1. Restricting to region 130-180, name every residue that is assigned to a helix (DSSP H, G or I) and basic (K, R).
2. Whether any residue in region 6-15 is over 19 Å from K86 (Cα atoms) and assigned to a strand (DSSP E or B) is what I want to check.
3. Do you know which residues across region 50-81 are aromatic (F, W, Y) and either more than 19 Å from F25 (Cβ to Cβ) or surrounded by fewer than 15 Cβ atoms within 10 Å (Cβ to Cβ) (or both)?
4. Within the group A85, A119, which residue is assigned to a helix (DSSP H, G or I), in contact (Cβ under 8 Å) with a residue 24 or more places away in the chain and open to solvent by less than 60 Å² (accessible area, probe 1.4 Å)?
5. Conditions first: (1) modelled with pLDDT of 95 or more; (2) within 15 Å of the chain's Cα centre (by Cα); (3) aliphatic (A, V, I, L, M). I27 passes all but one, so which condition is the exception?
6. Applying the selection to region 141-199, what residues are among the hydroxyl-bearing types (S, T, Y) and under 16 Å from the mean Cα position of the chain (by Cα)?
7. From the list D186, D157, D149, D171, which residue is touching a helix residue (DSSP H, G or I) at 6+ places or on another chain (Cβ under 6 Å) and either open to solvent by 20 Å² or more (accessible area, probe 1.4 Å) or within 18 Å of L18 (Cβ to Cβ) (or both)?
8. With respect to the numbered conditions (1) in contact with a Ser or Thr (Cβ under 7 Å, 6 or more places away or on another chain); (2) open to solvent by less than 10 Å² (accessible area, probe 1.4 Å); (3) under 17 Å from L11 (Cβ atoms); (4) outside any helix (DSSP H, G or I), which one is the sole condition not fulfilled by N99?
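The values are calculated or read from the model by the stated rules, or taken from the named source; none is laboratory data. Here the structure is a predicted model, which means the values were calculated and not measured. As a convention, Cβ positions derive from the backbone with ideal geometry for all residues, glycine included, and neighbour counts pool all protein chains shown. Heads up: the accessible areas ignore ligands, DNA and RNA and are worked out on the full protein's heavy atoms, side chains in. Shrake-Rupley method; radii C 1.70, N 1.55, O 1.52, S 1.80 Å.
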Amino acid sequence: MTLLYPIRNSLYVNITNLCCCKCVFCIRNITDSVGGSDSLWLDHEPTMEELKQELEKFDLDDYEEVVFCGYGEPLMRINEVVEFAKYIKSKKNIKTRINTNGLADLIHKKKTAVLLKDAIDSVSISLNAPNEEVYLKVTQPAFGIKSFDAMLQFAKDCKVCVKEVCFSVVDEISDKEIQESQELADSLGIPLRVRVKNG
């Protein structure tokens, strides 16, 4: 069961396989692993103790950041993410990042960005589309059409609570939609990164 796995200068945390989206480009539909890791499918949701024990196998001095991003939406387990991030920072003052679909407020039925304050340094949010119709088609969120606006609000909240916030889109969408996504990101003052599908 792979809980932590390195990719280049980052150490990734695979804290859950749960997710509230079924993105058409999701890499877990294609392969069981990323970047040479063993399978990222979990046979159970790892406990905090298991995560801490696994961390002992790695030297944090070898990495520039710790990234919460495995085969699920890390903020499905937001309390555990925050607790583990703070534990990691107690070991070493290393950058912590979350790659998220930005739907934590809908998942937990409350404002959640504030919970990340002092635990998470950077949040990368999957914008995925320039409007709610394309977002619904590409991301297929369990919460339906309201998901797009909820994700944008979470991003705005993160700007207040977290040092770095950025959006990402995958080149699954058209060039025109990527340009429109760039304009939306610019209007919110949030950088946009275009990811290559399955890259």
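1. Applying the first criterion (assigned to a helix (DSSP H, G or I)) to region 130-180 yields 132-139, 144-161, 175-180.
Within region 130-180, K137, K146, K156, K159, K176 meet the criteria.
2. Yes; the residues of region 6-15 include at least one that is over 19 Å from K86 (Cα atoms) and assigned to a strand (DSSP E or B).
3. Taking region 50-81 and keeping what is aromatic (F, W, Y), we get 58, 63, 68, 71.
The answer is F58, Y63, F68.
4. On the way: A119 fails: assigned to a helix (DSSP H, G or I).
Within the list A85, A119, the selection yields A85.
5. (1)
6. To start, the set of residues in region 141-199 that are among the hydroxyl-bearing types (S, T, Y) comprises 147, 168, 174, 181, 187.
Result: S147, S168.
7. Values: D186 fails: touching a helix residue (DSSP H, G or I) at 6+ places or on another chain (Cβ under 6 Å); D149 fails: touching a helix residue (DSSP H, G or I) at 6+ places or on another chain (Cβ under 6 Å); D171 fails: touching a helix residue (DSSP H, G or I) at 6+ places or on another chain (Cβ under 6 Å).
So the residue among D186, D157, D149, D171 that is touching a helix residue (DSSP H, G or I) at 6+ places or on another chain (Cβ under 6 Å) and either open to solvent by 20 Å² or more (accessible area, probe 1.4 Å) or within 18 Å of L18 (Cβ to Cβ) (or both) is D157.
8. Of everything listed in (1) in contact with a Ser or Thr (Cβ under 7 Å, 6 or more places away or on another chain); (2) open to solvent by less than 10 Å² (accessible area, probe 1.4 Å); (3) under 17 Å from L11 (Cβ atoms); (4) outside any helix (DSSP H, G or I), N99 misses just condition (2).
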